[in-house]
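Undergrad: Sending over a structure as structure tokens; questions will come in a sec.
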Amino acid sequence: MQSIGKRAAMLGVFSGGAILLGYVESLIPVLFFVPGMKLGLANLAVVLALYYFGPGDAAVIQLVRISVVGFLFGNLFSIAFSLAGGFFSLAVMCLAKRYGRFTVYGVSTAGGVSHNIAQICVAAVLVENVKIVYYLPVLLLSGLATGLLIGLAGDETMRRLGAPPKFYDAVSNQ
């Protein structure tokens, strides 16, 4: 029973970290020339949760992050875009991680790129104009760059916290 409490506490810490990173990102002025381009800082917590706790818990953290950040700093459209991008990217990251040939860099990059693909698809449907796909090459490059940066941050965090299996075992066995 105690390990369930520790696991819940750790998931709360990861959710809080994702929300905090989402807030920090909302403070960064939009300096990019393509609408919707963001750093994706909050995805660091989701990537780490995927490695430390697995897909189900990462999905819960993703949902909590999108809901809280969306209602505090966004609107219903931003929540719709975030849900589409967030859960499609999480699915792609789960597949990439499960495949076993990708490091955290590859998993995170796959997530960043797929996030932008999902969001451009939602945008095309909402604005009822397929021409919005012209943004896709720039968004794919930004997803690649930010995915690599989040992968770097995730790799460094896991080095400092300990490899996911050891960390998870320590949390669940105490």
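Undergrad: To the nearest 20 debye, what charge dipole does region 2-173 have about its Cα centre, counting +1 at the Cβ of each Lys and Arg and -1 at the Cβ of each Asp and Glu?
TA: In debye, rounded to 20, region 2-173 gives about 320.
Undergrad: How would you rank Lys38, Lys6, going from fewest to most other Cβ atoms within 10 Å of each one's own Cβ?
TA: On the way: Lys38 20, Lys6 14.
Ascending number of Cβ neighbours within 10 Å: Lys6, Lys38.
Undergrad: Once R0 is set to 30 Å, what does the formula 1/(1 + (r/R0)^6) return for the Cβ-Cβ distance between Phe73 and Tyr105, expressed as a FRET efficiency to the nearest 0.05?
TA: Numbers: r = 28 Å, r/R0 = 0.94.
For Phe73 and Tyr105, the calculated efficiency is 0.60.
Undergrad: Ok, one more. Of the lysine pairs in the chain, how many meet both conditions: Cα atoms under 30 Å apart, and a spacing of 8 or more in sequence or different chains?
TA: Going through the chain pair by pair, I get 5.
Undergrad: Please give the peptides 152-162, 11-21 ranked by average Cβ packing (other Cβ atoms within 10 Å per residue), highest first, as a rough proxy for protection.
TA: The densest-packed peptide leads the list: 11-21, 152-162.
Undergrad: Then there is this: Just order 89-95, 100-106, 78-84, 113-119 by mean Cβ neighbour count inside 10 Å, highest at the front, would you?
TA: Descending packing order for the listed peptides: 113-119, 89-95, 78-84, 100-106.
Undergrad: Going by how many other Cβ atoms sit within 10 Å of their own, how do Ile132, Ile28 line up, fewest first? If you can, show how the numbers build up before the last one.
TA: Values: Ile132 17, Ile28 11.
With the sparsest Cβ surroundings first, the list reads Ile28, Ile132.
Undergrad: Moving on to the next point. For the chain, what value does the Rg/Rh ratio take when both radii are computed over Cα atoms and Rh is the Kirkwood radius, given to two decimals?
TA: Rounded to two decimals, Rg/Rh equals 0.98.
Undergrad: Taking neighbour counts of Cβ atoms within 10 Å as a proxy for exposure, in what order, fewest first, do Phe77, Phe53 appear? Numbers along the way, then the final one.
TA: Values: Phe77 12, Phe53 21.
Sorted ascending by nearby Cβ count, the order is Phe77, Phe53.
Undergrad: Which Cα, out of Ile132, Ile117, Ala91, lies furthest along the positive dipole direction of the chain (beta carbon charges, K/R +1, D/E -1)?
TA: After comparing all options, I get Ala91.
Undergrad: If I take R0 = 35 Å and measure r between the Cβ atoms of Lys131 and Ser3 in this structure, what FRET efficiency does the formula 1/(1 + (r/R0)^6) give, to the nearest 0.05?
TA: So, using R0 = 35 Å, E works out to roughly 0.10.
Undergrad: Further question on the same structure: Compute the angle between helix 55-73 and the longest alpha-carbon principal axis of the chain, please, reported from 0 to 90 degrees and rounded to the nearest 10.
TA: 50 degrees
Where a number appears in this text, it was derived from the coordinates with a stated rule and is not lab data. From a predicted model like this one, the values you see are computed outputs, not experimental measurements. We place every Cβ from the backbone using ideal geometry, glycine too, and count neighbours over all the protein chains shown.
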